[in-house]
Amino acid sequence: MGILDTIKATKRAANEQQTAVSAQSVAEKTELVESEKLYQRGLASFKDIIAPSVFQIMPSYVRINNKLASTLFVYAYPRYLQTSWFSPIINLDSTFDVAMFVHPQNTVDVLKQLRKVVTRIQSQLSINEDKGLVRDPVLETAYQDVENLRDDLQQGIEHFFQFGLYITLYGDTEEEVRKEELKVEAILEAKLVYMKDSMMQTERGFNSTLPLANDKLMVGNNMNTSPLSTTFPFVSSDLTSNQGILYGINRHNNSLVLFDRFSMENANMVIFAKSGAGKSYTVKLEILRSLMLSTEVIVIDPENEYKHLCEMTGGTFMKISLSSKNHINPFDLPKALEDEDPGDVLRSAIVNVSGLLKVMISDITPEEDAILDKAITESYAIKDITAESDFTKMEPPTMTELQMVLENMVGAESLAARVKKYTEGTFAGFLNHKTNIDPDNKFIVFNIRDMEDDLRPVAMYLVLHFIWNLIRSKRKKRILVVDEAWWMMQHEDAASFLFSIAKRCRKYFLGLTTITQDVTDFMGSKYGKPIVTNSSIQLLLKQSPAGIKVIVDTFYLTDEEKFLLLESNVGEGIFFAGPKRAAIKVVASYSEDQIITSDPAQLLEIEKAKKELSGMADM
């Protein structure tokens, strides 16, 4: 073999080797692609992820993992259906799925079928009449119903549908599922609505209540528009009127809760909520909107909540404390009305001063009570104020005159010693002065935040008495707000006085708003519930688990309403107006929120902005 042949043979061998390597590379790539396909097919798909690990179909139940599911369907309805008849089922505290299928029917075909039905009923009525039988009310009622339906369908007033209603209930055991079935059946049978379980069709029933809009059971009832509309479960009272102020938004149907409290039999209102639930925010919003309608507002503020609102609206802010320059004389006499006997005015003032002293001085015996009554009368007499005199222009006594009288009475030594601390002691600057308050403003706030805790009930009683004298002197459209009323409910005399205002304020065109966060203390007083029953409007915001039982017992709440109050957010709750009630969400505009906010951080920002504007003005 020559050199040339050797070279050619070497090249052929190299080409063959390269071809073999290329074929091997292609085979490896093909094998990798096939392996990738197999791997991809082995990965879990979205269906694999959401699908249960166990799905077992049984004659009466469907097992999904560890849960059992049973589907019920409605097969019979009464002749009449009331609005919101299905709401008790929707509000059940259970886990279940509900599916409603509405299949529209051709009106022409329905009218043809109804014509045949009418013909059969008329024929049967004629046969019964020819035989001399007693009239059949069932046939006559059916005839009237069909004829009325034909008229409504022909005129387009009503439409015809096939309506299917299915409920799938869940439980851990068969007994638990059966218990839920009996509960649902009992509620609906009380309304003459009857259900059956989907025996031997459990898979179809389960699939029908999945959120896929597939009616697999196809168990429907003939129903026209009117009864079909009653199946809508989310029905709430409409508290929208043509006058009043906006309290919030109805959470059930997004309508406005627009209401005039003075349109009720009385304009009183109570608000119960836990701390931070938005009760003061809600009241301040009502105050702001009421002021725009020329309603005068008076507030007893124990926590300095209303100062910012008062300043922004140009109101009068009265600070009541031991070192305050504002003073109220508890012996002040109200102006007698035209039809009122001056003697009655004096006797009423004596009773009110006696009540205040009982709040100031604890543990008063019946004998001491009688001595106090006589001492107060003589204190007025020192200033020539008697039932027979004209005291309209006379200056009333002060606590100093009362102390002098007690010191000169037999058996009043202890009372005189206890009163002395209000005339010469630490508390002398609080009560022993002439009144220097002139409440000539549409919005007045009496602030008692800086008052000693032991004197707060005394201050609230005194301010209420002063306000009551102001209210009864001239009838105007007013709102009186008593915040943290549970302070007063701890003392029987103060609670009694608040209750008397709640009963009598309607005559003077006044609406009393009572606010409290300590429901137990408030309702623990014998005057707590009467104040609630004398209030036509009640607002319940978010409640604490510790006080919810008292709220449920007082307002006869359902379990669903109870859970709503426990789970509500800030500014959400239930609004009661007479017999009506609605779930409410309090909503304020941005401008309103800047005025009524109680958020410390937000208030600091507002103060900072004020200082910046003031600094720019000084430049």
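The values are calculated or read from the model by the stated rules, or taken from the named source; none is laboratory data. Predicted model, so just to flag it, every value in this text is computed and none were measured. A quick note on method: Cβ atoms are made from the backbone with ideal geometry, for glycine too, and the neighbour counts reach across all protein chains shown.
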Go through (1) more than 24 Å from Ile89 (Cβ to Cβ); (2) part of a helix (DSSP H, G or I); (3) in contact with a helix residue (DSSP H, G or I) (Cβ under 6 Å, 6 or more places away or on another chain) for Val552 and report which single condition fails. (1)
In the stretch 42-95, residues that are within 28 Å of the chain's Cα centre (by Cα) and of a type in the set (D, E, K, R) total 1
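From the list Pro334, Pro397, which residue is touching a Phe, Trp or Tyr at 6+ places or on another chain (Cβ under 7 Å) and over 23 Å from Glu492 (Cα atoms)?
The conditions single out Pro397.
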Which numbered condition Phe161 fails, given (1) closer than 29 Å to Asn214 by Cα; (2) surrounded by fewer than 16 Cβ atoms within 10 Å (Cβ to Cβ): (2)
Looking only at strands (runs of 3 or more DSSP E) that lie completely in the stretch 169-250, which have at least 1 residues being within 30 Å of Leu540 (Cβ to Cβ)? 245-250
For the stretch 116-144, name all the residues that are surrounded by fewer than 13 Cβ atoms within 10 Å (Cβ to Cβ) and under 51 Å from the mean Cα position of the chain (by Cα). Pro137, Val138, Glu140, Thr141, Gln144
Subset of the stretch 380-401 (residues that are under 23 Å from Ser500 (Cβ atoms) and assigned to a helix (DSSP H, G or I)): Tyr380
Assigned to a helix (DSSP H, G or I), farther than 30 Å from Gly205 by Cα, in contact with a helix residue (DSSP H, G or I) (Cβ under 6 Å, 6 or more places away or on another chain) and assigned by TED's automatic domain parsing to the domain that holds Tyr194 - does that describe any residue in the stretch 102-115? no
When you look at Leu81, is it part of a loop (DSSP other than H, G, I, E, B), aliphatic (A, V, I, L, M), modelled with pLDDT under 90 and under 30 Å from Pro137 (Cβ atoms), yes or no? yes
Of Ser473, Ser500, Ser496, the only residue that is out of contact with any Cys (no Cβ under 6 Å at 6 or more places or on another chain), closer than 17 Å to Ile298 by Cβ, polar (S, T, N, Q) and modelled with pLDDT under 85 is Ser473
Filter the stretch 428-449 for residues that are assigned to a loop (DSSP other than H, G, I, E, B) and in contact with a helix residue (DSSP H, G or I) (Cβ under 7 Å, 6 or more places away or on another chain); the one that is modelled with the highest pLDDT is Lys442
Scanning the stretch 428-446 for residues that are within 28 Å of Ile361 (Cβ to Cβ) and of a type in the set (Val, Ile, Thr), the one farthest from the chain's Cα centre (by Cα) turns out to be Thr435
Kindly indicate which of Thr520, Thr533, Thr513 is out of contact with any Phe, Trp or Tyr (no Cβ under 7 Å at 6 or more places or on another chain), surrounded by fewer than 23 Cβ atoms within 10 Å (Cβ to Cβ) and under 15 Å from Met269 (Cβ atoms). Thr533
When the residues of the stretch 160-189 are narrowed to those that are hydroxyl-bearing (Ser, Thr, Tyr) and more than 9 Å from Ser70 (Cβ to Cβ), which ends up nearest to the chain's Cα centre (by Cα)? Tyr166
Can you find even one residue in the stretch 365-375 that is of a type in the set (Ser, Thr, Tyr) and over 26 Å from Lys335 (Cα atoms)? yes
